[in-house]
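Here is the structure we will look at, set down as structure tokens.
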Amino acid sequence: MANTIDARGLSCPQPVLMTLDEIKKDKADELLVMVDNEASKENVSRAAQSKGWKVKEISEAGGIYNITITKG
């Protein structure tokens, strides 16, 4: 089960910082990040990839993006 980061309603850089903080903890191999805007979706994906994580899946429903990232 992936750890979940609920960053809905937050604007950048908060979703990115929350994601990077969780990556630094190094306790999960998979994270689910929930955001509600296109810029946050792109920035979270890019930040995760810069840390060696892979974007496994991005789904959208009702204006909410669910970004699943996995450790390298």
State all residues of region 14-72 that are part of a loop (DSSP other than H, G, I, E, B), surrounded by 14 or more Cβ atoms within 10 Å (Cβ to Cβ) and not basic (Lys, Arg); if no residue qualifies, say none.
-> Ala28, Asp36, Asn37, Trp53
Within the set of pairs 6 or more residues apart or between chains, which connect a residue that is over 14 Å from Met18 (Cα atoms) inside region 28-40 to a residue that is at pLDDT below 95 and surrounded by 16 or more Cβ atoms within 10 Å (Cβ to Cβ) with Cβ atoms less than 8 Å apart?
-> Ala39/Cys12
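The values are calculated or read from the model by the stated rules, or taken from the named source; none is laboratory data. Given the structure is predicted, the values throughout are model-derived calculations rather than measurements. Please note: Cβ atoms are built from the backbone with ideal geometry, for glycine as well, and neighbour counts cover all protein chains shown.
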